[in-house]
1. Among B:158, B:37, B:116, whose mean-square fluctuation peaks in a Gaussian network model of chain B (Cα, cutoff 10 Å)?
2. Between residue A:263 and residue A:299, what FRET efficiency comes out of the Förster formula 1/(1 + (r/R0)^6) with R0 = 25 Å and r the beta carbon distance, rounded to 0.05?
3. Please state the Cα pair-distance histogram of the range A:103-221 with 10 angstrom bins from zero: what percent is in each bin?
4. Can you put B:10, B:259 in order, fewest other beta carbons within 10 Å first?
5. Between the label point of residue B:27 and that of the same position in each other copy, find the distances and list them shortest first in nm, with every label point placed 7 Å from Cα along the Cα-to-C-beta direction.
6. Per DSSP helix of 4 or more residues, -39500 (n - 2.57); summed, then divided by the residues of the protein assembly as shown. What does that give at 222 nm, rounded to the nearest 500?
7. With the label 7 angstrom out along Cα to Cβ, how close does residue A:16 come to the same site in each of the other copies, in nm, nearest first?
8. Please arrange A:188, A:180 by how many other C-beta atoms lie within 10 Å of their C-beta, fewest to most.
């Protein structure tokens, strides 16, 4: 039975059974080449409208492990800027409409993977997922999100995988739900809410953790993603007894894409970590050292950010495997 | 028997039998992997001195379908600017002469594919095809044009393929030559004449259509490409009873690379299309919507631009297959 | 027995037997696919912090010849700027620390190849090889230099290969050590000392040539690389009876990264070449024609720069083969 509800992978809502998908990813981690011909003769186009390192590399590797041919295309620098607005009179700086570009991707590839950041200028466009939805509408082939305007599902699946595989290192939490805290951190520029939204969505969908979010006032996330999570504005209180701390900056959601308060005391330090239950520390990377987290935390054994980033391959491989399975069925 | 006269593929003049090459491409469309080991152990270098999307992707895919290894290199952004003038004293912004770079490509690759746009500054250099001819002169291996200063042969071969495969959808034109009209369209900046030159050259060389070109005065193309085509300055008259309308902007040729007149009434609209014999509408893409063609035309069933762009793969695959055949003979 | 002393390839000091490595490279040149499955299931990440053409292409080709999967990543343009300073407070323009990026490369790849130029601003950082050493320290997998702050070992190995394979074309030098002269040449901007340092290091380590360096006063190289080479400030005297002339510009080392004197009379011309023993002329490329060398010299039969650049593949293939051998041992 497919672990995906639809042909696309855009959010936690596309997954039928998160635990089964996590198990599949960990199987691939144990044996990367077990399905090395599954994707033979299939091609995945990886379109980057924005920079990427881990996502770019892990997706290529995952595809190759499955015998697919990945082709990477940097839309802006190797091609040109795309237009996404319907009925646009294209006399400006955009050279091609997604209505024309996407169906051609559908001719060239079997699966289309896309990274497309939010504008951070137009909240309505961003939160309607205009860009990736236009690709889905016009490509005519399955679409895999490599991070979109509001979500980053392969990162979040990775995060669940990483929590799952490290749980047994924390025997004291084995027989109860681990406490997972998503904490806002300072940064130097306004960032998307994607990772925070997505992590919240997946923690809620997974349902196997006690999930707490902490951030300064004014940094509320979209409630459709935070759901029933406990939300606290007192970071120290939130961190108390945490088993996992996920650190991430985001800009404001309500008064969109602003930096209201950049209080350096929200940086995760060893003092803060001491409040937790010897918590493991996570971050999607890239991380601004000594701004978001201190060197001491990142270099401590509590940090599992490298393990987490390494798991990006297996998350991508599990999802691509499911998407390939749907193609042939 | 080879379908290419020489080891290079630069223009319609390099083809011995256009219909046979078209048939070969359509065979590959029906069975992409029929020659999947033909290029085993062969390598194609794809050098981009200018942006590209369809050409870049379709050439990589075509090479992979034939079992070749494509290696893509963005000359300007990943390397540095090349010098093309003989005897240049290289104390300026160019870092390497084509005389030195090209023979090395000849050591590294079996086939060299190059995209190199015109300067639109020096008509004599552009129309002598200085850049690609310097590569041909010095590389010492077969050269495949991915669009040069004055021509775009893989696009034009694609266009012939697309006309051929859609002809039977127009039974009313089956027993006579279909009327194909190349029409100038407005744009926002000065573009090369490549696609218009090349389409004209291929229509003339193919010889199986009634070929008409229409453009405002001052936009005459080089007569060596337009040949005996009927040239009209009245677009409405030209479009009458057309079976195919190929829409494209180009800048002036005579007084080189200028925009003399950018009359928006030359945009192809449904009203214009109504003058035709229910014509199929073609464009090489990227297209500026509501500048060159209206949304209504591009979104109508008359538009075959996606089918056309999809055929880029089979054009490239047919040509690469012939080039590989010559390598081993 | 391995021809490498350590798991990395950063300088001549990493090689146990230069002649054996050269012989291996020439074996691959005779039969590129002799070890075409040696790297099956292995992946090399090629990270470019700086532009590259020959190194980029030859490394990809070498990896493919050995059955490895190369993945290329342009760090700055496709990702973001890295931070290399320990304890940096990352509130500036760098987005990710090498301490975080490198170990992830170690998760994704089996071998990590890196190009990272010197700053030409901070001599101490550059000559401590801060950047590549940080990658070595944190990646946890073998590191292959594609040119670092002070050295360019794959280029220099190529140079030894090229001298070796052309020696028998110079029977008059067969029974004595050939005289190899590295000469400074003018340029238009301050360049690293890498190629000159590295060539010096390899000539000294190889030990089979009479090695002379000539440059204007103030262009002294680091003595740790020049060793016991004869150093002359009179170019004509140095060139006398030379069998090989290696031409290269570099900026000052002592008063770091300056251009003190850019005397055009140091350009290698036919008149200069007439002083030699019909010397073969080498250059790592890219070369500024009629600034570093005259057209007449580069276009003469004495120039072996194309053969030299072609040999980049075999140098990379020999080294990767040794690195793969160490992986599995």
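Read-outs throughout are calculated quantities, based only on the coordinates presented, and are distinct from any laboratory measurement. Quick caveat, the model's predicted, so the values are computed rather than measured. Note that we place each Cβ from the backbone using ideal geometry, even for glycine, and neighbour counts take in every protein chain shown.
1. B:37
2. 0.60
3. Distribution as computed: 12, 35, 31, 17, 5, 0 percent.
4. Final ranking by Cβ density, sparse to dense: B:259, B:10.
5. Result for residue B:27, in nm, nearest copy first: 4.2, 4.2.
6. -10500 deg cm²/dmol
7. Values, ascending and in nm: 5.6, 5.6.
8. Exposure proxy ranking, most exposed first: A:188, A:180.
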